[in-house]
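Following: one structure in structure tokens, then a few remarks.
The values are calculated or read from the model by the stated rules, or taken from the named source; none is laboratory data. The structure presented is a predicted model; accordingly, all values stated were derived computationally and were not measured. Cβ: placed from backbone, ideal geometry, glycine included. Neighbour counts: every protein chain shown. The protein model used for the area step is the full one, side chains on, heavy atoms only, and it has no ligands, DNA or RNA in it. Shrake-Rupley method; radii C 1.70, N 1.55, O 1.52, S 1.80 Å.
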Amino acid sequence: MSETKTRINPFFEPYNTPHDTVPFDRIRLEDYEEAFMEGIRRDNEQIEKTINNQAKPTFDNTIINADDDTEGYYDLLDRVSTVFFNLLSAETNDEMDALAQKIQPILTQHANDVRLNERLFERIKYVHRHHRKLTPEEKMLLDKCYDGFVRSGALLDKEGKERLRQLTEEASMLSLQFSQNLQKEQKAYTLHITDEAQLEGLPDTAREIAAQEAAQRGMEGWVFTLDIPSYSPFMTYSTQRELRRQMYMARNTVCIHDNDSNNLDICKRLINLRRELAQLLGYKTYADYMLKHRMAGKVKNVYHLLNDLIDAYRPTAVKELEELGKGLEPWDIAFYSHKLQLKKYNIDAEMLRPYFRLDKVIDGVFGLANRLYGITFKENKQIPVYHPDVKAYEVFDRDGSYLAVFYADFHPRKGKQGGAWMTQYQGQWIDRKGENVRPHVSVVMNLTKPTADKPALLTLGEVETFLHEFGHSLHGMFANTRFESLSGTNVWWDFVELPSQFMENYSVEKEFLRTFAFHNETGEPLPDELIHRIVRSRNFMVATACLRQVSFGLLDMAYYTQKDEFTDDIISFEKNAWRKAIIGKQLPDTCMTVQFSHIISGGYAAGYYSYKWAEVLDADAFAVFKKHGIFDQTTAQSFRENILSKGGTENPMVLYKRFKGGEPTIDALLKRNGIKRKAK
């Protein structure tokens, strides 16, 4: 009998892998569509079973389907969706992209069918009004379920529901198209250099990576791309001002060219679709709709934070820019900032690279988690991975019990989106038998690659990125809740960045650096003098960096506080929207919006302020650690128990106050950044 006839789709059976991890090595492209369609069929079958249940609706037979014969990890639709969409970001190709275009509208239609199912909602509504005594976590799940249906149009009339279907289906496809256009455009550009003289100023690492990139493409000389490990060193060190201009303009004009990857109209349409959806559901703006389930609560509170930061940081930012010099173009900023940093602190990223060898950084980050929480990591090569760059680890708790699976995907490549993010292949929950199903978490980054002659040597900024995403992963790995939809990072959006940004604080702590920062060639530890310079230079250009983040928050809010149809030109609107936080020169023919995945195709629409909101929290929280010792295990255990393990089971401010003993203030952030608030 042929293999074709006997082969079973791997999504349809137990994975039979270590910890039931995804069998990436057995999955074929054709498996996805088959599994998607069968998953939808099973979903519909379960919904019919629920709504046809003759028994009175209860929390157990309607909200959690406790009588279901299947376990959560055999939720086929969730299973295949998780793998497919994670790989669409981390390891895609033309065939995957085409399948995404085909399957996305089907999935959106199915999601609408579920949320707009009147008989199902009637049961949920009944349970919401008449239920047994619930635990706080059960009550949170019930409220989240009920409100999720309401926010998805369950209370609308027939005409409203039909319009909502149209809006969500169109928005879903446009979001996918936005992401695919962006990845295509960013990966398409190269700066090809054949004259070695044009490499003047570039450090050896940048040259070697560019030579390797050229060789991989079958080209002579050196190739630079828009991937951060290539782009950033070029903009920082190249003495070739015209080439810096070319690179800058390439990166900042992505998706506004007159071609099939232009995102201008897509952005405008998505902004209007979200505005109309929010107003259909009874909100004035999309921001009002989104902020209902955020710590900020209201638009005015977001602007209060952003304006407070502008007032506090702008005077310093103006001085920082003046110190760089006059007449600078945007492609000069990184170059002259580097020169000024060398002059003031005698330090730059390349000085530190030899001390940040990736495998040692991994040891340092894992060692930090061990020192704080007692957990350990052990690479397991029997766990399948989706690319040779990916490493898979088993994670064990302080008592030696299995805690999680941790995947780490470090370097840029053709089928991978830019940036860095944390995701999951399996969430955490407790099944009906009482077993605590542990999570499989993954961090995906675009860090400096190794070359033929050198291992991967990172910048301090890349170490911070690793720590940031690792903080998210700890939020996932320590999850300890009953319901998967409330576990780990399933929290309010302006709380989710606290665990990640908290971890960044360690990147400049001497006691932490001492544990792993050894010279790649000599083995010598990072000298005290260099650590001293790192600490001294920590706030170099800090106000400028703050205003940059604030400008993104202003832009985001400007789009999503629109009450009327948005008809403005995207490029000019952008320039005006963030003007209050911009102190440098703006170029009329560049655009951020068309590549701003966070607010256009990601989950940060009307929520980009979250990074600064969480920065207030992380500085405030780290101040507690500084008071008791940055490795204090009692404080760390409190952070784990009160924040990292609780997920979205309680209001985040309740969780934070339980850890801190009070509400956060902006004071710790200002102190950390060396900013003095103006007297009023």
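Could you check region 237-267 and list, in sequence order, the residues that are within 25 Å of GLU565 (Cα to Cα), of a type in the set (A, V, I, L, M, F, W, C) and not in a loop (DSSP other than H, G, I, E, B)?
Hits for region 237-267 are LEU264, ILE266, CYS267.
Can you confirm whether region 154-168 contains a residue that is at pLDDT 95 or above, part of a helix (DSSP H, G or I) and within 30 Å of GLN246 (Cβ to Cβ)?
No, region 154-168 has no match at all.
Which residue pairs have Cβ atoms closer than 7 Å, lie 6 or more positions apart in sequence or on different chains, and pair a first residue in region 431-451 that is over 30 Å from GLU213 (Cα atoms) with a second residue that is in a loop (DSSP other than H, G, I, E, B) and of a type outside the set (Gly, Ala, Ser)?
Listed pairs, sorted by first residue: ASP431/GLU71; VAL437/GLN428; VAL437/ASP431; ARG438/GLN428; PRO439/GLN428; HIS440/THR21.
Inside region 622-680, can you point out the residues that are within 29 Å of SER487 (Cα to Cα), of a type in the set (Lys, Arg) and open to solvent by 80 Å² or more (accessible area, probe 1.4 Å)?
LYS626, LYS657, ARG658
Checking the condition surrounded by fewer than 20 Cβ atoms within 10 Å (Cβ to Cβ), among the polar types (S, T, N, Q) and in contact with an Asp or Glu (Cβ under 7 Å, 6 or more places away or on another chain), which residue from THR194, THR225 passes?
Unique residue meeting the criteria: THR194.
Considering only residues of region 109-138 that are of a type in the set (D, E, K, R) and over 16 Å from ILE51 (Cβ atoms), which is most open to solvent (accessible area, probe 1.4 Å)?
LYS133
What tally of residues in region 202-222 results from selecting those that are more than 30 Å from the chain's Cα centre (by Cα), surrounded by fewer than 17 Cβ atoms within 10 Å (Cβ to Cβ) and in a helix (DSSP H, G or I)?
Counting residues in region 202-222 that are more than 30 Å from the chain's Cα centre (by Cα), surrounded by fewer than 17 Cβ atoms within 10 Å (Cβ to Cβ) and in a helix (DSSP H, G or I) gives 2.
For GLU615, are the conditions met, namely being open to solvent by 10 Å² or more (accessible area, probe 1.4 Å), acidic (Asp, Glu) and either closer than 26 Å to LEU141 by Cα or in contact with a Phe, Trp or Tyr (Cβ under 7 Å, 6 or more places away or on another chain) (or both)?
no
Just one of ASP157, ASP78 is of a type in the set (Asp, Glu) and either open to solvent by less than 20 Å² (accessible area, probe 1.4 Å) or over 23 Å from LYS284 (Cβ atoms) (or both); which is it?
Every option except ASP78 fails the conditions.
Would you check which residues across region 362-399 are open to solvent by less than 30 Å² (accessible area, probe 1.4 Å), closer than 30 Å to PRO203 by Cβ and either touching an Asp or Glu at 6+ places or on another chain (Cβ under 8 Å) or basic (Lys, Arg) (or both) and list them?
Matches in region 362-399: VAL390 only.
Pick out, from region 34-132, the helices (runs of 4 or more DSSP H) lying fully within it that include 1 or more residues that are over 30 Å from GLY160 (Cβ atoms) and among the aromatic types (Phe, Trp, Tyr).
76-90
Of everything in region 470-509, what is open to solvent by less than 10 Å² (accessible area, probe 1.4 Å) and among the charged types (D, E, K, R)? Give them in sequence order.
Within region 470-509, ASP494, GLU497 meet the criteria.
Does region 542-564 contain any residue that is more than 26 Å from the chain's Cα centre (by Cα), in a loop (DSSP other than H, G, I, E, B) and either more than 30 Å from ASN346 (Cβ to Cβ) or of a type outside the set (Phe, Trp, Tyr) (or both)?
Looking through region 542-564, at least one residue is more than 26 Å from the chain's Cα centre (by Cα), in a loop (DSSP other than H, G, I, E, B) and either more than 30 Å from ASN346 (Cβ to Cβ) or of a type outside the set (Phe, Trp, Tyr) (or both).
Can you find a residue that is over 23 Å from the mean Cα position of the chain (by Cα) and surrounded by fewer than 18 Cβ atoms within 10 Å (Cβ to Cβ) anywhere in region 417-429?
Taking every residue of region 417-429 in turn, none turns out to be over 23 Å from the mean Cα position of the chain (by Cα) and surrounded by fewer than 18 Cβ atoms within 10 Å (Cβ to Cβ).
What are the pairs with Cβ atoms under 8 angstrom where one residue, in region 467-480, is within 14 Å of GLN637 (Cα to Cα) and the other, located anywhere, is among the polar types (S, T, N, Q) and in a loop (DSSP other than H, G, I, E, B)? Sequence gap at least six, or different chains.
Taking only residues 6 or more apart or on different chains, the pairs are HIS475/THR489; PHE478/SER645; ALA479/GLN428; ALA479/SER487; ALA479/SER645; ASN480/GLN428; ASN480/SER487; ASN480/SER645.
Output the residue which, of all residues in region 283-299 that are of a type in the set (Gly, Ala, Ser) and open to solvent by less than 30 Å² (accessible area, probe 1.4 Å), is modelled with the lowest pLDDT.
Across region 283-299, the extreme among qualifying residues is ALA296.
Could you check, for region 114-122, whether at least one of its residues is closer than 22 Å to GLN177 by Cβ, among the aromatic types (Phe, Trp, Tyr) and in contact with a helix residue (DSSP H, G or I) (Cβ under 6 Å, 6 or more places away or on another chain)?
For region 114-122, residues closer than 22 Å to GLN177 by Cβ, among the aromatic types (Phe, Trp, Tyr) and in contact with a helix residue (DSSP H, G or I) (Cβ under 6 Å, 6 or more places away or on another chain): absent.
Just one of GLY39, GLY72 is open to solvent by less than 50 Å² (accessible area, probe 1.4 Å), modelled with pLDDT under 95 and within 30 Å of ASN380 (Cβ to Cβ); which is it?
After applying the criteria, what remains is GLY72.
Quick one: how many residues across region 586-604 are in contact with a helix residue (DSSP H, G or I) (Cβ under 6 Å, 6 or more places away or on another chain) and surrounded by fewer than 16 Cβ atoms within 10 Å (Cβ to Cβ)?
Qualifying residue count for the region: 1.
Return yes or no: is TYR560 out of contact with any strand residue (DSSP E or B) (no Cβ under 7 Å at 6 or more places or on another chain) and either among the charged types (D, E, K, R) or buried (at least 22 other Cβ atoms within 10 Å of the Cβ) (or both)?
Taking the combined requirement at face value, the residue satisfies it.
In this structure, is THR465 closer than 20 Å to LYS391 by Cα, among the β-branched types (Val, Ile, Thr), touching a helix residue (DSSP H, G or I) at 6+ places or on another chain (Cβ under 6 Å) and open to solvent by 20 Å² or more (accessible area, probe 1.4 Å)?
In short, no.
Any idea which of (1) under 23 Å from ASP332 (Cβ atoms); (2) open to solvent by less than 10 Å² (accessible area, probe 1.4 Å); (3) among the aromatic types (Phe, Trp, Tyr) is the one TYR609 doesn't satisfy?
Among (1) under 23 Å from ASP332 (Cβ atoms); (2) open to solvent by less than 10 Å² (accessible area, probe 1.4 Å); (3) among the aromatic types (Phe, Trp, Tyr), the lone unmet condition for TYR609 is (1).
Looking at PHE512, PHE518, which one is open to solvent by less than 10 Å² (accessible area, probe 1.4 Å) and over 18 Å from the mean Cα position of the chain (by Cα)?
PHE512 is the lone residue from the list that is open to solvent by less than 10 Å² (accessible area, probe 1.4 Å) and over 18 Å from the mean Cα position of the chain (by Cα).
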